2 protein chains.
Amino acid sequence: MSDLELNCPLPLQYDRIVMAHGGGGRLMQQLLDNLIQPAFGNPLLNQKHDSAVFEVNGSRLAFTTDSYVVKPLFFPGGDIGKLAVCGTLNDLAMSGAKPLYLTCALIIEEGFPIADLERIVQSMQHTAEAAGVLIVTGDTKVVDKGKGDGVFINTAGIGLIDAGIESNPGRIKGGDSILLNGDLGRHGIAVMLEREGLNFAHEIESDCADLSGLVGELLAAGIEIHCMRDLTRGGLAAALIELAATARQHIEIREASLPVDSNVKSACEILGFDPVYIANEGAFILFVPEEQTEQALSVLRGHPLGRQASRIGQVTGPHPRGTVTLENVMGVSRVLDLFSGEQLPRIC
Amino acid sequence: MSDLELNCPLPLQYDRIVMAHGGGGRLMQQLLDNLIQPAFGNPLLNQKHDSAVFEVNGSRLAFTTDSYVVKPLFFPGGDIGKLAVCGTLNDLAMSGAKPLYLTCALIIEEGFPIADLERIVQSMQHTAEAAGVLIVTGDTKVVDKGKGDGVFINTAGIGLIDAGIESNPGRIKGGDSILLNGDLGRHGIAVMLEREGLNFAHEIESDCADLSGLVGELLAAGIEIHCMRDLTRGGLAAALIELAATARQHIEIREASLPVDSNVKSACEILGFDPVYIANEGAFILFVPEEQTEQALSVLRGHPLGRQASRIGQVTGPHPRGTVTLENVMGVSRVLDLFSGEQLPRIC
């Protein structure tokens with residue numbers, strides 16, 4: 001029985017799929033723990049990391065996949081193509097891998113404008129090229145009008161992990177500093193506002209970005225990264241809760257240390273969202289030994305994607321199930337839990 | 001300019017996606033040549049093979065992806081889960097690779113029965129296990145009711161190619177024998193009959209199968225395979241036409257040598273289909289030196305998936321664009337061409 005099963009002992013509550021099964025919260029965790037993990041269960045899948053890591057003839061490779069169903073397809077700061085490339089590059093980078101090659105599989109709805117498709121694949125290529133990776137193989141399927149939603153994209157990626165680098169939840173330990181490269185909530189809020197046609201005085205742009213260059217700089221600087229995780233579906237909260245459970249450690253975060261853009265903060269207050277649960281596409285946390293905190297922050301702040309980097313908390317030590325507490329500005333701590341419903345559907 | 005562009009000089013005829021853009025015929029080729037290839041173009045993608053092949057630290061790896069949108073999800077002889085695993089295993093095998101690891105990314109429509117999802121993932125695991133490969137990482141997305149169609153599955157796969165093995169279109173040359181492991185058209189017809197609710201006296205089962213074991217036996221027997229291709233969308237005709245164009249060779253096929261099950265033949269006659277254009281999911285062709293024909297046929301016929309193996313034609317020599325002629329039972333030859341419309345949508 002995995003750590004996450006201990007945290008989510010409930011059986012599946014539904015006999016049909018609901019939107020929240022894809023939302024990064026408790027229902028999605030239940031679906032994975034009750035259905036997907038038992039079916040496919042194997043030591044590599046059970047790593048519960050952004051990529052599977054294995055050796056082939058002595059080379060350590062990372063292998064990952066994600067499908068993208070974001071709605072709308074174009075949003076401030078990005079589009080589904082940029083997202084599909086960045087998301088998979090980031091999953092590889094979080095395993096400490098240098099991304100090498102990507103695939104691109106398209107499921108296109110009949111009637112979709114070819115000009116939009118062209119814009120999307122060019123955005124993919126532009127993003128891949130900037131990251132120095134090649135899109136080497138792909139697939140194109142078409143489904144009947146009304147059986148898809150414009151275009152869905154799957155990207156898979158493989159990367160190479162250099163000797164001595166090991167970023168995975170099992171290495172998180174008491175005393176680790178937890179660093180965050182940027183601010184929280186921009187991607188989820190930008191997509192949601194665009195979808196709902198809500199206009200705020202200041203446009204909020206998605207933080208969608210390729211983190212592999214920044215991670216490469218951290219590794220090149222000799223930072224001993226114990227674990228990294230990008231803060232996608234379920235946001236910072238889901239990432240911390242899953243990592244704490246897998247590592248069986250207690251994590252403490254200070255709310256005052258979490259950077260949130262003032263426009264994002266306003267939008268969250270008006271709409272009733274909590275930025276720690278909102279998805280990001282260019283934000284990640286890293287766990288480093290306490291003594292490397294300053295050096296790591298200095299590398300982060302020297303990169304355009306890490307200017308706002310901060311230390312947001314620490315790992316205090318072993319805990320039988322793994323927990324995360326958030327200390328608010330008043331000094332009051334609460335235990336963070338996965339949300340059970342659907343907060344923002346289809347943001348990636 | 002690639003060979004295929006020479007064969008398909010027409011610009012895109014539509015400004016919106018039509019079903020035939022995913023059908024494996026001329027319109028799909030135009031979409032790939034006019035939009036996808038120019039955007040992503042690189043030497044690996046331009047291999048125009050079932051997998052991309054590259055070296056990582058001296059190991060030759062094959063990397064492939066496919067999305068599956070078959071309708072219905074369950075059909076005689078298989079289901080979308082079995083198809084999604086076999087299809088990707090076969091793409092790896094066609095490059096001469098031994099499959100190692102697969103991914104599984106699900107796009108599920110809100111309201112989809114969880115019992116059906118369970119049946120599908122168990123079918124995937126069963127198929128992967130039988131092939132000796134692990135499903136090591138995955139992704140689950142949910143889309144709103146009416147924005148998907150039950151479930152779409154993407155699988156990506158990586159495999160390892162042993163030294164000395166090179167199966168790709170560039171190796172096809174005059175004098176090669178062309179062998180086929182089985183009969184034609186069962187998958188496409190089985191799926192179509194099930195979807196349309198047409199009942200024939202004898203049920204036709206899809207040939208959906210993992211070919212990697214059979215390919216492994218051919219390679220282990222020392223057969224010098226110049227190229228392999230599985231006969232999916234567009235059937236035997238599309239595979240031959242694309243390979244002839246890429247290799248710039250002339251290919252001759254004898255219709256009388258093509259095995260077609262009598263029930264499939266009846267269904268094709270009644271419905272107006274030509275079995276050479278119908279998709280298969282367990283049929284492949286291989287190009288071998290003339291002198292290895294008998295040895296290869298003997299290995300093929302010793303395997304359950306190759307009992308009906310036959311020599312269906314040969315490569316006669318260079319041709320400026322590459323062509324395929326089919327000699328019918330009367331001894332009359334015609335040039336095979338890609339079909340331009342949509343023959344059977346959503347069969348994989």
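Summary of computed values
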{"read-out": "Selection within the range A:259-318 - at positive phi and without any contact (Cβ under 8 Å) to a residue 40 or more places away in the chain", "value": "A:272"}
{"read-out": "Yes/no for residue B:117 being in contact (Cβ under 8 Å) with a residue 40 or more places away in the chain, more than 22 Å from residue B:344 (Cα to Cα), open to solvent by less than 10 Å² (accessible area, probe 1.4 Å) and at the interface with chain A (Cβ under 9 Å from one of its Cβ atoms)", "value": "no"}
{"read-out": "Options B:34, B:46, B:7; residue that is touching a Lys or Arg at 6+ places or on another chain (Cβ under 8 Å), within 29 Å of residue B:335 (Cα to Cα), modelled with pLDDT under 95 and open to solvent by 30 Å² or more (accessible area, probe 1.4 Å)", "value": "B:7"}
{"read-out": "Criterion (touching a helix residue (DSSP H, G or I) at 6+ places or on another chain (Cβ under 9 Å), within 14 Å of chain A (Cβ to nearest Cβ), touching a residue at least 40 places away in the same chain (Cβ under 8 Å) and open to solvent by less than 10 Å² (accessible area, probe 1.4 Å)) met by exactly one of B:159, B:188, B:148", "value": "B:159"}
{"read-out": "Residue in the range B:87-102 that is open to solvent by 20 Å² or more (accessible area, probe 1.4 Å) and either under 16 Å from the mean Cα position of the chain (by Cα) or within 9 Å of chain A (Cβ to nearest Cβ) (or both) present", "value": "yes"}
{"read-out": "Residues (assigned to a helix (DSSP H, G or I) and β-branched (Val, Ile, Thr)) located in the range B:282-302", "value": "B:293, B:299"}
{"read-out": "Residue list for the range B:12-27, filter: within 7 Å of chain A (Cβ to nearest Cβ) and either small (Gly, Ala, Ser) or in contact with a strand residue (DSSP E or B) (Cβ under 8 Å, 6 or more places away or on another chain) (or both)", "value": "B:15, B:16, B:17, B:18, B:19, B:21, B:22"}
{"read-out": "Condition met for residue B:196 (buried (at least 16 other Cβ atoms within 10 Å of the Cβ) and of a type outside the set (Val, Ile, Thr))", "value": "no"}
{"read-out": "Residue B:59 touching a residue at least 40 places away in the same chain (Cβ under 8 Å), farther than 29 Å from residue A:149 by Cα and facing chain A (nearest Cβ under 7 Å)", "value": "yes"}
{"read-out": "Residue in the range A:215-232 that is in contact with a Gly (Cβ under 6 Å, 6 or more places away or on another chain), charged (D, E, K, R) and surrounded by fewer than 19 Cβ atoms within 10 Å (Cβ to Cβ) present", "value": "no"}
{"read-out": "Filter result for residue B:342 (in contact (Cβ under 8 Å) with a residue 24 or more places away in the chain, assigned to a loop (DSSP other than H, G, I, E, B) and of a type in the set (Asp, Glu))", "value": "yes"}
{"read-out": "The listed residue being of a type in the set (A, V, I, L, M), open to solvent by 50 Å² or more (accessible area, probe 1.4 Å), part of a helix (DSSP H, G or I) and out of contact with any His (no Cβ under 6 Å at 6 or more places or on another chain), out of B:270, B:241", "value": "B:270"}
{"read-out": "Residues of the range B:123-145 satisfying the condition of being among the basic types (Lys, Arg) and either within 7 Å of another protein chain (Cβ to nearest Cβ) or buried (at least 22 other Cβ atoms within 10 Å of the Cβ) (or both)", "value": "B:141"}
{"read-out": "Residue check for residue A:278: within 18 Å of the chain's Cα centre (by Cα) and open to solvent by less than 30 Å² (accessible area, probe 1.4 Å)", "value": "yes"}
{"read-out": "Checking residue B:203 against (1) within 24 Å of residue B:253 (Cβ to Cβ); (2) more than 13 Å from the chain's Cα centre (by Cα), the condition it does not meet", "value": "(1)"}
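The values are calculated or read from the model by the stated rules, or taken from the named source; none is laboratory data. Everything numeric here is computed off the predicted structure, so don't read it as measured data. We place every Cβ from the backbone using ideal geometry, glycine too, and count neighbours over all the protein chains shown. Surface areas here come from the heavy atoms of the whole protein model, side chains and all, with no ligands, DNA or RNA. Shrake-Rupley method; radii C 1.70, N 1.55, O 1.52, S 1.80 Å.
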